[in-house]
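The block underneath contains the structure these notes are about, expressed in structure tokens.
We did not get these values from a lab; they are worked out from the coordinates using the rules stated. Keep in mind that this is a model prediction, so the values were computed, not measured. Here the Cβ positions follow ideal geometry from the backbone for every residue, glycine too, while neighbour counts run over all protein chains shown.
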């Protein structure tokens with residue numbers, strides 16, 4: 001999955017960094033809270049998860065439950081690229097990427113699963129420096 | 001050289017199969033691919049992106065292989081761009097039937113892929129592939145004009161390797 | 001034109017049956033259905049209102065109050081607009097047609113007829129405008145269920161920590177005691193479908 005090369009602007013410049021091309025998933029941040037799946041107007045985010053229990057680490061402590069993500073899929077044939085899922089996510093697990101070259105002959109292949117969404121994260125541009133921040137990111 | 005069946009006119013009313021050798025198949029495919037005439041069925045917003053693709057900034061002609069056509073009867077590629085309503089679906093089927101073989105369909109945008117944002121509407125056909133066979137699905141709402149160029153190249157590759165889907 | 005002036009125009013034509021309000025920044029006059037054409041004609045002809053330009057006619061589903069029909073007309077000379085509004089019954093609701101007052105109401109009334117089921121008596125050609133042939137039902141009513149939303153399982157129905165296997169397991173959903181979230185516009189499961 002190479003970053004977009006050529007055939008963009010006639011000068012060969014890539015699309016602007018905030019272009020809404022595809023959505024990437026940063027799995028480490030995802031807690032399977034289901035908010036993106038619930039807010040999506042097209043019902044195109046499919047999430048499966050299960051609960052795991054972590055035994056207490058201290059004497060008399062409480063067992064912790066953790067949600068573990070099994071399946072996270074976005075159906076890009078349905079997606080309308082509104083960005084509601086990215087805005088709704090409280091944990092910043094979803095990111096925009098300007099990649100757009102993933103058309104193909106198979107409609108079902110447009111449903112991207114976790115692996116593909118993880119790969120799209122490599123194409124997410126770095127966050128621009130915000131003058132309101134105290135330091136650069 | 002193996003003998004590979006070359007299918008000619010495999011659509012409705014076609015003449016069936018013609019068995020041909022590999023070089024012949026490659027030659028025919030190259031001929032089909034040489035200059036694809038593109039016809040845009042512009043139904044909604046995606047039509048504007050198609051127009052943007054055909055003007056000089058991101059030019060359809062730049063890859064050197066495609067040209068716009070005045071009507072469906074002269075076209076090889078039909079690009080369905082926009083929402084297909086139930087009422088319009090009948091007309092799209094008729095336009096597709098008017099195209100001579102070999103013909104290919106690009107579904108441009110979410111609405112023609114599977115209904116898109118109007119997936120729950122009372123009057124939208126959820127995907128133009130419910131009426132006609134589609135060769136390339138381009139995701140986007142709307143897809144960039146460059147995505148259309150890319151999808152045409154994908155279609156070119158599919159034609160040359162004779163992988164283009166048939167009904 | 002002020003609200004008082006508009007009310008005076010309507011009262012001259014139809015007595016005390018109307019009331020004037022402001023909705024969405026536009027002067028709105030609520031008219032009983034039996035005075036519909038009389039008030040509309042007055043608003044078109046009276047020089048104080050002089051609304052000769054027909055903008056749109058549509059309806060909205062006012063739930064228990066019935067179906068509300070609204071018309072927006074404009075005065076090119078005075079540069080002000082007026083909304084006329086009335087209420088009709090949900091079943092068998094009908095209104096006299098405004099095509100005799102403004103010809104432009106023709107297609108708008110056809111669309112309102114097919115979308116809401118309101119008949120316009122005296123309309124020259126009341127037949128569906130936009131919907132395909134053979135369409136059953138009146139789609140813009142609130143009780144019209146969108147079939148795709150019932151047919152497709154809502155991905156947000158699962159709670160965090162659930163998967164599709166949990167939903168369909170023989171023991172029943174793991175959170176059966178807690179009421180499941182339902183997306184908007186989807187009736188209770190089993191309440192609407194091919195088996196009903």
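Per-residue shielding of B:115-127, expressed as the average number of other chain Cβ atoms within 10 Å of the residue Cβ, stands at 6. Here the calculated FRET efficiency for residue C:41 and residue A:70, from their Cβ-Cβ distance with R0 = 56 Å, stands at 0.25, rounded to the nearest 0.05. Take every DSSP beta bridge whose two residues both sit in the protein assembly as shown; close to 65 percent of them are antiparallel.
Counting Cβ atoms of other protein chains within 10 Å of each Cβ in A:83-92 and taking the mean gives 0. For the peptide C:2-9, the mean number of other protein chain Cβ atoms found within 10 angstrom of a residue's Cβ is 0. Counting beta carbons within 10 Å around each of A:46, B:137, B:104 and listing the fewest first gives the order A:46, B:104, B:137. Rounded to the nearest 10 degrees, what's the angle between the helix C:105-116 long axis and the longest principal axis of chain C, both from Cα atoms, 0 to 90? With both axes taken from Cα atoms, the answer is about 30 degrees. Starting from the Cα gyration tensor of chain C, take the square roots of the eigenvalues, sort them a ≥ b ≥ c, and report rounded, prolate or oblate (rounded when a/c is under 1.5, otherwise prolate if a/b is larger than b/c, else oblate). It comes out prolate by the Cα gyration axes.
Taking the fewest neighbouring Cβ atoms within 10 Å as the starting point, the ordered list for B:80, C:186, B:136 is C:186, B:136, B:80. Build a GNM of chain C with springs between Cα atoms under 10 Å apart, and of C:97, C:23, C:148 the one that fluctuates most is C:148. GNM, chain C, Cα, under 10 Å: largest mean-square fluctuation among C:89, C:68, C:42? The residue with the greatest mean-square fluctuation here is C:89. Starting from the Cα gyration tensor of segment B:106-167, take the square roots of the eigenvalues, sort them a ≥ b ≥ c, and report rounded, prolate or oblate (rounded when a/c is under 1.5, otherwise prolate if a/b is larger than b/c, else oblate). Here segment B:106-167 falls in the oblate category.
Counted by neighbouring Cβ atoms within 10 Å, the residues A:124, C:4, A:68 run from fewest to most as C:4, A:68, A:124.
Helix C:36-45 axis versus longest C-alpha principal axis of chain C: approximately 50°, rounded to the nearest ten.
Checking a compactness column here: for chain A, what do you get for Rg(Cα) / (2.2 N^0.38 Å), N being the number of residues? Can you show the working numbers first?
Numbers: Rg = 17.9 Å, N = 137, 2.2 N^0.38 = 14.3 Å.
My calculation over the Cα atoms of chain A gives 1.25.
Between C:44, C:103, C:35, find the one with the highest GNM mean-square fluctuation for chain C; connect C-alpha pairs within less than 10 Å. Checking each option, the largest mean-square fluctuation is seen for C:103. Apply the a/c threshold of 1.5 to the C-alpha gyration tensor of the protein assembly as shown and tell me whether it is rounded, prolate or oblate. Oblate, since a/c reaches 1.5 and b/c is not below a/b.
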